1. Just subtract the alpha-carbon distance of E244 and S84 from 0.36 nm times their residue separation and send over the number in nm, one decimal.
2. How much length, in nm to one decimal, is gained on full extension between C108 and H28, taken as 0.36 nm per residue of separation minus their Cα-Cα distance?
3. Convert each backbone phi in segment 342-350 into a coupling constant with the Karplus relation 6.51 cos²θ - 1.76 cosθ + 1.60 (shift: θ = phi - 60°), then list the ³J(HN,Hα) values in order as whole Hz, x for Gly and Pro.
4. Taking a label point 7 Å from the Cα of A42 along the Cα→Cβ vector, which residues of segment 226-256 have an amide N closer than 20 Å to it?
5. Let me have the relative contact order for segment 47-114, percent, based on Cα pairs under 8 Å that are six or more residues apart.
6. Which lysines have a Cα less than 20 Å from the Cα of K182, not counting those fewer than 8 places away in the same chain?
7. Round to the nearest 0.05 the FRET efficiency obtained for W51 and K182 when R0 = 41 Å and r is the Cβ-Cβ distance.
8. Specify the residue with the greatest mean-square fluctuation among I383, I37, I152, computed from a Gaussian network of the chain linking alpha-carbon atoms under 10 Å apart.
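The values are calculated or read from the model by the stated rules, or taken from the named source; none is laboratory data. Quick caveat, the model's predicted, so the values are computed rather than measured. So basically every Cβ, Gly included, is an ideal-geometry build from the backbone, and we count neighbours across all protein chains shown. Ligands, DNA and RNA are stripped out before the accessible areas are found, and what is left, the full protein with its side chains, is counted by its heavy atoms. Shrake-Rupley method; radii C 1.70, N 1.55, O 1.52, S 1.80 Å.
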Amino acid sequence: MDDKITPGQSRNAGLGTRVVWGGEQVQHPYNATQTPIVVSAAYGYRDIDEWYDVALGKEPGFIYSRMSNPTVTVLEDKLCELESAESAVAFSTGMAAISGVLHTFLACGQRVVSTRDSYGGTNKIFEEFLPRMGVEVTLCDTLDIEAIEHEIAKGCNVLYLETPTNPTLKVLDIRRLVATAKRVGALVIADNTFATPLNQNPLALGVDVVVHSATKFLSGHGDVLGGVVCGAEHLMSHVRHYREINGASLDPFSAYLIIRGIKTLALRLRQQQASAQVLAEYLCTEPLVETVNYPGLPHHQGHVIARSQMRGFGAIVSFVLKGGMDTVTRLLPLLNYAHRAGNLGAVETIYGPARTTSHVENTLEEREALGISEGLVRVSVGIEDTEDLLADLKQAFALVHSKQRDVILHTDKTERFTEVET
Ligand SMILES: Cc1ncc(COP(=O)(O)O)c(C=O)c1O
């Protein structure tokens, strides 16, 4: 599989072509048209000198699958083509990728600046694990760009960004923050999971390292875990070395599922984000909804920046329900076309409150401190027909309203009855 016909050829093609052909213009054994799943833990050599040359990286080839694996390499090549990156390193999960890059590029006595709104697991690394290693962590208000710039200007080794954020959909101005970080020589890392490489390419905006949870939109079917890191080879060689020793490598079967999923990413996302826009606009009209977060809404905090750095607004919408968790527990069971689950980016629509999804690792107090309301619901819009998803949401709200009216009427009657009695 290392016999490439035209490596990187699809880079000149559109993203809809690259998702299909990226990394796969290779001659497979038996002339197979699909990437084989190579399950071998190790690779054998009759010629001991050749073995040694491969082990030293002087010749291409494979030694042991914790270090590299032919199926995983195809996935890494595909991501390179989608993010226009020189190199990529795959991990067993998105969190393994994120902790891998943070451990690769930070050491005791160094400083990282980030924002409070990152995914809950990432937030845990910042709040719990990095301080234990002696890394100074400063988390800024995501919407206060001057405060972020001020903290960067004080000096830092790493600036870590997630945009749009999970689950609040806040948008950060990547170009502006990169410019500030470069003035102090900081490495910039960006989590591009929500946008996907189809909507946003952080490397092209000046970011040094891009991370993805491949569990989400990349694989797209909610049936596999994975993570990928992309960037220049001089940076990725350190990340690869960390992964080789840390051991959080991606297994070949998972790599195969992610490769297969990515091929339909462009088709899926087109439908998903068209529906997301429709649902977001409807939610803005719903009296039980306090706030709607979707970068595609003209009044959204980051709409203008999103337009300047993204090609589409993505397929995640979040909204805050009046009445908090009480309304959440009444509304979500009424939906017919929805998983109520802690995942996103799949072909099925998925609803979930922050307290059982993105911020399940955080306590109520921590969520309050992060501004995550108990009434916040995240919707990962699937590929179902837009009209069905809209009708489903409308009927669920209508039922909540009618039940509420019943309760009011009932209370009213009981109170009047009680009055008569006394
Ligand atoms: C934005 C973002 N980054 C990273 C992760 C972690 O990915 P994984 O669950 O594959 O470890 C998640 C998970 O929800 C996420 O939403």
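1. Values: separation 160, 0.36 × 160 = 57.60 nm, distance 2.37 nm.
Roughly 55.2 nm would be gained on extension.
2. Length gained between C108 and H28: 24.3 nm.
3. So the Karplus estimates, Gly and Pro as x, are x, 8, 7, x, 8, 5, 8, 5, 10 Hz.
4. Taking a point 7 Å out along Cα→Cβ of A42, the residues of segment 226-256 whose backbone N falls under 20 Å are 244-252.
5. Dividing the mean separation by the residue count of segment 47-114 yields 13 percent.
6. Correct list for K182: K154.
7. Given R0 = 41 Å and the Cβ-Cβ separation, E is 0.45.
8. Comparing I383, I37, I152 in the GNM, the peak value goes to I37.
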